Amino acid sequence: MTSKRQTVLDTIDKNRDKAIQFLQKMVSIPSVTGDEAAIQAFVSDYMNKIGLDVDMWETDWEELKKHPGYRPVDRGYEGRPNIVGTRKGAGGGRSLLLNGHTDVIPVGNGEGWSDNPWSAAIKDGRIYGRGSCDMKSGVASHILAVEFLKEAGVELKGDVYINVVIDEEVSGHGTLDTVIRGYKADAGISGETSDLAVQPACIGRIWFQIDVQGKPAGIQQRYLGISAIDLGNKIVKAVQELEDHRVATVRHPLYPNALDSLPCIIGSFQAGNYPSAFPASAVLKGSIGTVPGEDHEGVKQSLVDKIAEVAAQDEWMRDHPPVVRFVGYDAQASEIPRDHPIVELLSETYRSVAGKDPVISGRQGAADTRFLNEYGATPTVIFGPGSTAVMHANDEYVSIDDYMTAIKVMALCIMDWCGAQE
């Protein structure tokens, strides 16, 4: 390993405590989607302090609605800025965009947590707290990689953009608006949860709602009615059959375990409105996972067709068909070639830092890479220290060792991709 690369790694090791404290501070700032102002202010101030040119702006909701990648959301973006911190290179190198989000899912009142969800407590080599895994550790690894490169005296040839966005958990519009604002690079790295696997692909996710109408009746003469619960159970079975079919027929080389990669489930079933009243209506909500290469709209149609098929077999639903609607989260699957130069460089860099081959896989979750790949002319790979298995979970955590490894891999990858001045 060259002396310059060793100097970078030594600088990161020397700053281990600082890196841990930085992530703890990020985790300790509550940032549930819609309430991202405080965390974005902290990130912006920090990037200013380490000498980056910081662009911080609020999304124009009306303009965003005109873009084909827009998906309907319930609230706008006032007080919820996106950020790009730029480290300009000297010229002659390739540019790199590092993407990540700071919004996190709700914690309720902390039910099911062993500690305060914002504690950022350290235990058994892990930092705990909402967002530690998904994905403040990924964002922190980007910021600190750039900072520690500078501290190690590395001058880059190409430009580096650190893109820190909001609203990922609901829509991904923060990254979409980054594209609309004109940011692009020769390649990108998303710090989403990957367990340090190199992931050229992510699945898509389609949320849906099925409204079921039964036949009302009084509770004493309930035998004259048709229960929406009974009808809904037939819908649940139909959705399970659709999953079984998809798992048996849909294939992608980065997703060898189709059962894990293609969930098609009813996640919410609400029927009736009173304990002592006949349940004449029901609302079922669920989601479908897709893999790159699938016809996104065609997958939606397959659900519509399946529900129509089961309705046609039921005497009541034949004349009172369930209504299928696609509402809420709607993200397309996305991928870049496995042999793309950014994928190969990231893999080589991980190998040099960790001393073992990386896992090359597809992320079993949606990611903002879809906007960078589809609309931003920035082929983007996923690599982050968090584990997809514990994201959104109670007692969410990230391994400190994985976090430090991610900082090292990111720093050397930036150095090699952008080029370092001699």
Evaluation of K306 against (1) under 20 Å from the mean Cα position of the chain (by Cα); (2) open to solvent by 20 Å² or more (accessible area, probe 1.4 Å); (3) touching a residue at least 60 places away in the same chain (Cβ under 8 Å) (one fails), failing number: (1)
Sole exception among (1) at pLDDT 95 or above; (2) under 13 Å from the mean Cα position of the chain (by Cα); (3) open to solvent by 10 Å² or more (accessible area, probe 1.4 Å); (4) farther than 25 Å from H340 by Cα for H173, by number: (3)
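Any idea which of I265, I235, I229 is in a helix (DSSP H, G or I), hydrophobic (A, V, I, L, M, F, W, C) and open to solvent by 20 Å² or more (accessible area, probe 1.4 Å)?
Details: I265 fails: in a helix (DSSP H, G or I); I235 fails: open to solvent by 20 Å² or more (accessible area, probe 1.4 Å).
It is I229.
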Any hit, segment 82-93, residues being among the β-branched types (V, I, T) and over 23 Å from V8 (Cβ atoms): yes
Residue selected from segment 330-356 under the condition assigned to a loop (DSSP other than H, G, I, E, B) and out of contact with any Lys or Arg (no Cβ under 6 Å at 6 or more places or on another chain), by the criterion farthest from F208 (Cα to Cα): G355
Test: residue in segment 131-138 that is within 23 Å of the chain's Cα centre (by Cα), modelled with pLDDT of 95 or more and open to solvent by 10 Å² or more (accessible area, probe 1.4 Å): no
K14 vs. criteria touching a strand residue (DSSP E or B) at 6+ places or on another chain (Cβ under 9 Å) and under 25 Å from Q421 (Cβ atoms): no
Segment 188-209 residues that are part of a loop (DSSP other than H, G, I, E, B) and surrounded by 24 or more Cβ atoms within 10 Å (Cβ to Cβ), paired with ones that are among the basic types (K, R) and at pLDDT 95 or above (beta carbon under 7 Å, 6 or more apart): E192/R363; S194/R363; I203/R363
Residue check, A280 open to solvent by less than 40 Å² (accessible area, probe 1.4 Å) and either in contact with a Phe, Trp or Tyr (Cβ under 8 Å, 6 or more places away or on another chain) or of a type in the set (G, A, S) (or both): yes
Sole exception among (1) part of a helix (DSSP H, G or I); (2) open to solvent by less than 70 Å² (accessible area, probe 1.4 Å); (3) under 30 Å from K215 (Cβ atoms) for A248, by number: (3)
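Could you list all residues from segment 391-413 that are in a loop (DSSP other than H, G, I, E, B) and either among the small types (G, A, S) or surrounded by fewer than 19 Cβ atoms within 10 Å (Cβ to Cβ) (or both)?
H392, A393, N394, D395
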Search result, residues across segment 61-116 that are part of a loop (DSSP other than H, G, I, E, B), touching a Leu at 6+ places or on another chain (Cβ under 7 Å) and open to solvent by less than 10 Å² (accessible area, probe 1.4 Å): G69
Qualifying residue in segment 3-11 (condition: open to solvent by less than 80 Å² (accessible area, probe 1.4 Å), of a type in the set (A, V, I, L, M) and over 25 Å from T178 (Cα atoms)): yes
Evaluation of A354 against (1) closer than 24 Å to G89 by Cβ; (2) among the hydrophobic types (A, V, I, L, M, F, W, C); (3) touching a Ser or Thr at 6+ places or on another chain (Cβ under 7 Å) (one fails), failing number: (1)
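Take segment 1-29 and flag every residue that is basic (K, R) and either closer than 23 Å to G355 by Cα or at pLDDT below 95 (or both).
Result: K4, R5, K14, R16.
I'd like to know if segment 147-160 contains one or more residues that are aliphatic (A, V, I, L, M), in contact with a Gly (Cβ under 7 Å, 6 or more places away or on another chain), assigned to a strand (DSSP E or B) and within 22 Å of I83 (Cα to Cα). Steps first, please.
Just the residues of segment 147-160 that are aliphatic (A, V, I, L, M), to begin with: 149, 152, 154, 156, 160.
Add one more test, that the residue is in contact with a Gly (Cβ under 7 Å, 6 or more places away or on another chain), and what stays is 156.
If we keep only those that are assigned to a strand (DSSP E or B) too, we end up with 156.
Adding the requirement that they be within 22 Å of I83 (Cα to Cα) leaves 156.
Checked against the condition, which is being aliphatic (A, V, I, L, M), in contact with a Gly (Cβ under 7 Å, 6 or more places away or on another chain), assigned to a strand (DSSP E or B) and within 22 Å of I83 (Cα to Cα), segment 147-160 yields at least one hit.
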Residue in segment 358-379 that is modelled with pLDDT of 95 or more, farther than 25 Å from G172 by Cβ and crowded, with 16+ Cβ neighbours inside 10 Å present: yes
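The values are calculated or read from the model by the stated rules, or taken from the named source; none is laboratory data. Predicted model, so just to flag it, every value in this text is computed and none were measured. Backbone-built Cβ (ideal geometry, glycine too); neighbour counts: all protein chains shown. When the accessible area is computed, the model is the full protein with side chains, heavy atoms only, and any ligands, DNA or RNA have been set aside. Shrake-Rupley method; radii C 1.70, N 1.55, O 1.52, S 1.80 Å.
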